[in-house]
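Colleague: Provided herewith is a single structure, encoded as structure tokens, for subsequent inquiry.
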Amino acid sequence: MSKGKYANIIIDISHENVDRPYTYRIPDELRDSIDLGTSVTVPFGMGNTIRKGFVVGFSDYSELSEDKLKFIDSVPEKNISLTDSRIELAAWIKRNYGGTFSAALKTVLPVKQKIKAVVPKIIVRQVETSEVEKLIELCPARSSARLRLLNALLYEAIIPKRLANDKLHISDATIVKLNEEGVVDIQDMPKNSGMGQTVSCNSLNLSESQKNIVNSVTADYDNGIYNTYLIYGITGSGKTEVYINIINNMLERGKQAIVLIPEIALTYQTLMRFYNRFGERVMVMNSTLSQGEKYECYKKALNGEADIVIGPRSALFVPFKNLGAIIIDEEHEGTYKSETAPKYHARETAVEIARMNKAVVVLGSATPSIDAYYKAQTGEYKLFELNERLTGNQLPKVEIVDLRNELRRGNRSIISERLGALLEDRLSKGQQSMLFINRRGISGFISCRACGFVVKCPHCDVSLSLHKNGKLMCHYCGYETENIKTCPECGSKYISGFKAGTEQVEDMVNKMFPTARTLRMDADTTKEKDSYEKIISRFLDKEADILIGTQMIVKGHDFKNVTLVGVLAADMSLFEADFKAPERTFQLLTQAAGRAGRGDVAGNVVIQTYQPEHYAITYASKHDYNGFYDEESGYRDLMDYPPAGHMLNVMVSGKKEEEVNLLATQMCTAIRKYFKSLVIGPAPAALSRINDIYRFVFYIKDKNYNELVDIKDYLEDSLTKIKKRTCTVSFDFDPQNMQ
């Protein structure tokens, strides 16, 4: 784009009233420094406050006379400029997900912070593996960090030092000690270390099913067909090896690749597989990186110093110039949907980025999202299946325990007799177990422990939520009723919310098995930096017999010595006030079951529930994804829930409850007047007040996504015309979590 006399600039203020381009004059001395997407500082407002902004265009014409236009103030040093495609992507995100243009631009552009350049280091083994084995035998049990590094060196002759620090939690002191003993050498990572050279796909030991996927994706790409592919592969079926080979083929064609992995699944084992194959061509982005370090990753991508980036959702926006493939592992994970504006979904955004770059998208999961599988069934995505574990071992045996029968037998413990017996058996054999509580905190729904009855909305297929005022409420239609003290089905007094947390479970396990070594992983025990991975490392090092935790313990980990998984209360996610509750429950149970029996010994899984006949639980126990999909998608069709239809969640918040309610009501009235879409609400949000800010929500349903986008545009335009507006409004398309 040729530069004109003036620059059109979006001011870095996330407010609808200033979310439009402003025209500024370009000083002669800055003309060579300014390009499309350049970050600049400009005087803004009556007080000429210096603000940051982004150049989104140029022109030779202005409606204002030149003497009334202000000059751009400066261009920050070491600026990364957006390209045409980046601005186009930001515009697409704003259009499809709402929010301000400024917020969309900041999503695709990193925040620049100066950091001192650091030369990456590698740890190089200097002795034979037999010597390492001797050192492991002599290593004191208390030296767990030294033991972790020695075990890693058994399998890897070269380990990136950053990976050892961040993923194995090895301190520099431990590394230096082994260096002084001559076991390892610490070196700068050379540009051509020989580490991870790409190899021909034909030389790799792939199954026929894996080869078919790799060859099909590659052949399509070579023929100019840029599809989105969904790999439905059971746990342990070798999806990662397929990803690696597709990437390998892209690198051979001079292309680059983005690999998205949920933050919680960025394990040492996973990253080493990529490092071993591709070496210094790999960059890793995760939450441990500072803004400055993330900025350096962007610069490396722009400068062609790396070809592969691995990371969570934000890695999607690394600006590769020759992008060939975007891989999204565990595509069903809710973390791929942003919870802050703009509330984009990485899956759909990846498809748009791939379209702009003539690249392919590969999605993978053992429990695909209903949305993705629906698109595969309708032909929008191309479906592949991997139905066998590479190790040849069988999927674990799953048993369902009816907690109603436990109560009838007088067992009021949260651990059933069957699960207790299996735990004792595993302890006697020196095998490890995992106990999984299916949701954090206290459940909002009300159920009967005697018969399993759940209090549901008479108008919507979701449970009612218990609010602090003692009322039961539906967050879809606003239906409200009094809480109940006895079960209307069986008359039992055992009706309430489930209140057992990880601490109570750990206490009970310690009482039942005093000699058992336990580890607990939940929000409380993972508050400190790296605490999550430290717990995982300790469990991998067999420093505990039983790992107790919430959803984070069942996300993609490979524990070879785990032969038993107990799901203590499947109902806790099953009856959340959310239409996606059965889907999440099925996915969690299937993923949890996949943690058992990954080694040489067959695994067992015990699912404890008050609803043993629920389809999400019965299909999970049979590892039957297709059966679950058929039944769940049938319910979605009946209710026009995504993917059969689409939903837009509109949240209105402010300090005065009556003003929030009034604005939400006025918006709903206007939509009903000018649009044909179904409007539900408004009603108080599940958390109706946070920090004295009141929140009301309403939902809009329509089979046509673009119709919802038009409604969002109409609302945004209407809001800019309200003077002295005291409420804020946010939009969430096809929300992952109901508000």
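The values are calculated or read from the model by the stated rules, or taken from the named source; none is laboratory data. Owing to the predicted nature of the structure, the values given are computational and were not obtained by experimental measurement. Reconstructed Cβ throughout: ideal geometry from the backbone, glycine too, with neighbour counts over all protein chains shown. Quick note on the areas: whole protein, heavy atoms, side chains included, nothing else; ligands and nucleic acids left out. Shrake-Rupley method; radii C 1.70, N 1.55, O 1.52, S 1.80 Å.
Colleague: Rounded to the nearest 5, what % of DSSP beta bridges with both residues in the chain are antiparallel? The partial results should precede the final answer.
Modeller: On the way: 58 of 109 bridges.
So the antiparallel bridges in the chain amount to around 55 percent.
Colleague: Taking 8 Å as the Cα distance limit and 6 or more residues as the minimum spacing, I'd like the relative contact order of the chain as a percentage.
Modeller: Details: 1389 pairs, mean separation 81.6, N = 739.
It rounds to 11 percent for the chain.
Colleague: Oh, and also: Using alpha-carbon pairs under 8 Å, 6+ residues apart, how would you state the relative contact order of the range 205-325 in percent?
Modeller: Details: 121 pairs, mean separation 36.7, N = 121.
About 30 percent, as a whole number.
Colleague: 5 Å is the cut-off here: which amide hydrogens, built 1.01 Å from N in the peptide plane, fall below it relative to residue 230, excluding neighbours closer than 5 in sequence?
Modeller: For residue 230, whose amide H was placed from the backbone, the distant partners under 5 Å are 363, 382, 383, 384.
Colleague: Also, I was wondering about something else. Can you give the accessible area per residue of the chain, in Å², using a 1.4 Å probe?
Modeller: Values: 32190 Å² over 739 residues.
Here the per-residue accessible area is 44 Å².
Colleague: Please report how far the C-alpha centroid of the range 203-225 lies from that of the range 55-76, rounded to the nearest whole angstrom.
Modeller: Result: 51 Å between the Cα centres.
Colleague: While we're on this one: Going by average Cβ neighbours within 10 Å, how do the peptides 578-589, 544-555 rank, with the highest at the top?
Modeller: Details: 578-589: 24.3, 544-555: 22.0.
Output ranking for 578-589, 544-555: 578-589, 544-555.
Colleague: Label point 7 Å out from residue 340 along Cα-to-Cβ: which residues of the range 10-34 have amide N under 19 Å?
Modeller: Output list for this probe position: 11-16.
Colleague: Sticking with this one: Viscosity 0.890 mPa s, temperature 25 °C: give me the Stokes-Einstein translational D for the range 300-437 in µm²/s, with Rh taken as the Kirkwood radius over C-alpha pairs. All intermediate terms of the calculation are to be shown ahead of the outcome.
Modeller: Working: Rh = 19.4 Å.
In µm²/s, the coefficient rounds to 127.
Colleague: For the range 542-700, what log10 I(q)/I(0) values come out of the Debye formula at q = 0.12 1/Å, with one point per alpha carbon and no solvent?
Modeller: -0.72
Colleague: With the Cα gyration tensor of the range 202-312 in hand, convert its eigenvalues to equivalent ellipsoid semi-axes via √(5λ) and list them largest first in whole Å.
Modeller: After scaling each eigenvalue by five and taking roots: 25, 17, 13 Å.
Colleague: Ignoring ligands, DNA and RNA, what percent of the accessible area of the range 480-626 is carbon or sulfur (1.4 Å)? Could the numbers behind the result be given before it?
Modeller: On the way: 2720 of 5710 Å².
C and S atoms contribute 48 percent here.
Colleague: Work through the residues other than residue 64 whose Cβ is under 11 Å from its Cβ and net out their charges, Lys, Arg +1 and Asp, Glu -1. Walk me through the numbers before you get to the answer.
Modeller: Details: positive: 25, 68, 70; negative: 63, 66, 67.
Around residue 64, the charge tally is 0.
Colleague: In deg cm²/dmol, rounded to 500, what helix-only [θ] at 222 nm does the chain give when every DSSP H run of at least 4 residues adds -39500 (n - 2.57) and the total is split over its residues? Write down the numbers at each step before the final one.
Modeller: Values: 22 runs with 243 residues, N = 739.
That comes out to -10000 deg cm²/dmol.
Colleague: Here is a follow-up. Under the classification rounded if a/c is under 1.5, otherwise prolate if a/b is larger than b/c and oblate if not, where does the range 244-377 fall, given a ≥ b ≥ c as square roots of the Cα gyration tensor eigenvalues?
Modeller: On the way: a/c = 1.39, a/b = 1.25, b/c = 1.11.
It comes out rounded by the Cα gyration axes.
Colleague: Could you quote the convex hull projected area for the chain, Cα atoms only and averaged over all directions, in nm²?
Modeller: Numbers: hull surface 139.7 nm².
Dividing the Cα hull surface by four gives the mean projection, 34.9 nm².
Colleague: Okay, moving on. What whole number of Å gives the distance from the Cα centroid of the range 629-653 to the Cα centroid of the range 691-739?
Modeller: So the separation of the two Cα centres works out to 17 Å.
Colleague: For a quick check of understanding: with a 1.4 angstrom probe and all protein chains in place, what accessible area in square angstrom does residue 623 have, to the nearest ten?
Modeller: Per-residue accessible area (residue 623): approximately 60 Å².
Colleague: For a 28 Å ceiling on Cα separation, which of these pairs sit above it: 294/656; 358/560; 343/471; 94/299; 337/485? Can you show the working numbers first?
Modeller: Details: 294/656 39 Å; 358/560 40 Å; 343/471 30 Å; 94/299 25 Å; 337/485 38 Å.
Among 294/656; 358/560; 343/471; 94/299; 337/485, the Cα-Cα distance tops 28 Å for 294/656; 358/560; 343/471; 337/485.
Colleague: Could you report the accessible area of residue 663 in Å², rounded to 10, computed with a 1.4 Å probe on the protein chains as they sit in the structure?
Modeller: 20 Å²
Colleague: When only C-alpha pairs under 8 Å and at least 6 residues apart count, what is the relative contact order of the range 495-641, in percent? Provide the component values of the computation, followed by the final result.
Modeller: Values: 173 pairs, mean separation 28.6, N = 147.
Relative CO of the range 495-641 lands at 19 percent.
Colleague: Is the shape of the range 646-739 best called rounded, prolate or oblate, per the rule: a/c under 1.5 gives rounded, else a/b larger than b/c gives prolate, else oblate, with a ≥ b ≥ c the square roots of the Cα gyration tensor eigenvalues?
Modeller: On the way: a/c = 1.94, a/b = 1.32, b/c = 1.47.
Here the range 646-739 falls in the oblate category.
Colleague: In vacuo Debye scattering of the range 618-685, one point per C-alpha: log10 I(q)/I(0) at q = 0.15, 0.20 Å⁻¹?
Modeller: -0.66, -0.85
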